[in-house]
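Heads up: the structure comes next, in structure tokens.
No value in this document is a laboratory result; all are computed from the given coordinates. Nothing here was measured: the structure is a model prediction, and the numbers come from that model. Positions of Cβ are backbone-derived with ideal geometry, glycine not excepted, and every protein chain shown enters the neighbour counts.
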Amino acid sequence: MKSRSNILEPARKPLLDHNAQMDREELEKLLEDIKKMKVAVIGDLCLDVYWHFDLSASEKSLETGKPTQPVANQYTALGGAGNVISNLVALRLSDVHVVGVVGDDPWGREVTRLLESHDVNMDLVLTQQQKWDTVTFIKPHINGLEQNRVDFGNFNQLFEHTAINLIKGLRSILPHVDAVIINQQESYGIHTEFLRRGLATLVRESPETLFVADSRDYGMDYPGAYLKLNAREAANLSGVSRGLLETVPMNESERAAETLFARSGKPVFVTCGAEGCLVRDELRLHHIPAVQVKPPLDTVGAGDSALAGIVAALAAGKEPQFAAAFGNLVAGITVKKLHQTGAATPSDILNAAQGYMRL
């Protein structure tokens, strides 16, 4: 995708952009076009491990005298950038290139197994033998309630030669992909200062490539990339401190979108939960309404779903406001998939689109 000229207009109140919709024929065509797209994702390859205890089978350990915690069932799922990849795969893209690092440990082998089951390109999944544990979150549950989490990877150290190989590998595939997602969710993942500098150089030297940065901590480190953030991240990045559980007022999100667009000159997507998505592009500030869904909901991973939908639609040539509407639709489907991060298939999307995209 070629970069467009940057036009900064005065801030204005966004209107609910109900025009950023497609009829059924347009949506079907978009879903077919997406199947031709190739996207690379560079980010933190994480693993979610769920252990469900059944204490009815507990007994005292002969060694310690303490009660055991029997695991009745367990399962794993890709997290971090892995969840973005799962969502892209569900959309049936032609090719998804994974760029990231795992450790030489059981969790890394499980991440590799799950990625292989998605049939993605794993040539750039590197194993760092030392000073790297696969980023893993073990989530114990008792009677359906999550207990204290057990984490691996908090003390990781990405070697410079590993970062160089990631950048070199990503550079080599740029001619073969339609978009690149830079995804950062963990402060102790691959996104060291050294790697960020290398990525920024790659973005600067590749203006013909669509880069979309979804970064919790380093969103402005990649001049030339589109930005996708949630409302809290956008507020913090624009200079207004908001805590993890604080609600960000819509007018504050609007100002943040304007501020970040003024800095970067590239489209900015700010997801606002049930209030939809703000898009600041070269035209104006758009407010794309959310899909109306009824509880119960599971919003874990909804941002990853929205990101996958937005980037897939952008890669297929859709304008930012239409890409945001498609991303909203994808996220609106996945939040209805309880107790899982979830992903939306083309058939899911067509079934759910009635009433949202003028079908």
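Tabulated data for the structure shown
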{"quantity": "Answer label, with semi-axes √(5λ) of the Cα gyration tensor in Å calculated from the coordinates and candidates (1) 37, 24, 22; (2) 33, 25, 20; (3) 50, 20, 16", "calculated": "(2)"}
{"quantity": "Nearest-ten-degree value, helix 24-34 long axis tilted from longest Cα axis of the chain", "calculated": "60 degrees"}
{"quantity": "Sum of -39500 (n - 2.57) over DSSP H runs of 4+, divided by residues of the chain (222 nm, nearest 500)", "calculated": "-10000 deg cm²/dmol"}
{"quantity": "Given 35/131; 60/139; 38/131; 168/266; 38/168; 38/139, the pairs whose alpha carbons are separated by over 28 Å", "calculated": "35/131; 38/131; 38/139"}
{"quantity": "Residue-by-residue Karplus 3J(HN,Hα) for region 145-157, coefficients 6.51, -1.76, 1.60, Hz, glycine and proline x", "calculated": "9, 6, 9, 4, 6, 10, 10, 10, x, 5, 10, 5, 10"}
{"quantity": "Rounded to 10°, Cα long-axis angle of helix 320-334 versus longest principal axis of the chain", "calculated": "30 degrees"}
{"quantity": "Rounded to 10°, Cα long-axis angle of helix 106-117 versus longest principal axis of the chain", "calculated": "50 degrees"}
{"quantity": "Residues with amide H under 5 Å from that of residue 184, placed H, sequence gap 5 or more", "calculated": "214, 215, 216"}
{"quantity": "Spatially proximal aspartates and glutamates relative to residue 336 (Cα-Cα < 20 Å; intrachain offsets below 8 disregarded)", "calculated": "48, 146, 275, 298, 304, 348"}
{"quantity": "Cα-based shape type of region 75-202, given that a ≥ b ≥ c are square roots of the gyration tensor eigenvalues and the cut on a/c is 1.5", "calculated": "oblate"}
{"quantity": "Förster radius 30 Å - calculated FRET efficiency between residue 29 and residue 275 (Cβ-Cβ, nearest 0.05)", "calculated": "0.55"}
{"quantity": "Rounded Å value of the spacing that divides the Cα centres of region 36-106 and region 181-216", "calculated": "24 Å"}
{"quantity": "Kirkwood Rh, angstrom, region 193-332 [1 / mean 1/r, Cα pairs]", "calculated": "15.2 Å"}
{"quantity": "Most mobile listed residue (146, 208, 258) in the chain, GNM with C-alpha springs under 10 Å", "calculated": "146"}
{"quantity": "Point-charge dipole on Cβ atoms (K/R +1, D/E -1) for the chain, about Cα centre, debye to 20", "calculated": "560 debye"}
